[in-house]
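Trainee: Below you'll find the structure I mean.
Nothing in this text is a laboratory measurement; each read-out follows from the coordinates by a stated rule. It should be emphasised that the depicted structure is a prediction, and the values quoted were computed from it without experimental measurement. With ideal geometry, Cβ positions are generated from the backbone for all residues, glycine too; neighbour counts draw on all protein chains shown.
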Amino acid sequence: MYIQSQLYAATHCQKVGHSRVFAACLRTLDWKVYRAWCVKDACVKPTSTSVCTMISALAYSCAIRGVHVDWMADEQLADFCQG
């Protein structure tokens, strides 16, 4: 089960790093910190909630830095978090 959780976490958490909607923001902060947080939480509880919580926190951190991120505009992220 742990290996499945790791695979789930790595796969879904990495999607954010490849999302174009976060591109400008990821240049302003250390993406590795958020990815590590996401992977840790998603390994413990492999659900969309853990990943989507990180996405929301990342978008908030971007906003604080003056970079607005409409992550729901990324169809893949939006579907994942709404589904």
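Trainee: When a footprinting reagent is the concern and you count Cβ atoms within 10 Å, what order do Val16, Val21, Val69 take, fewest first?
Mentor: Val21, Val69, Val16
Trainee: While we're here: Using the 10 angstrom Cβ neighbour count as an exposure proxy, how do Asp30, Asp74 rank, fewest first?
Mentor: Asp30, Asp74
Trainee: Check the chain for me: any Cys whose beta-carbon has no other cysteine beta-carbon within less than 4.7 Å?
Mentor: Cys43
Trainee: Hey, what did segment 2-82 get for relative contact order, percent, Cα under 8 Å, at least 6 apart?
Mentor: The value is 36 percent.
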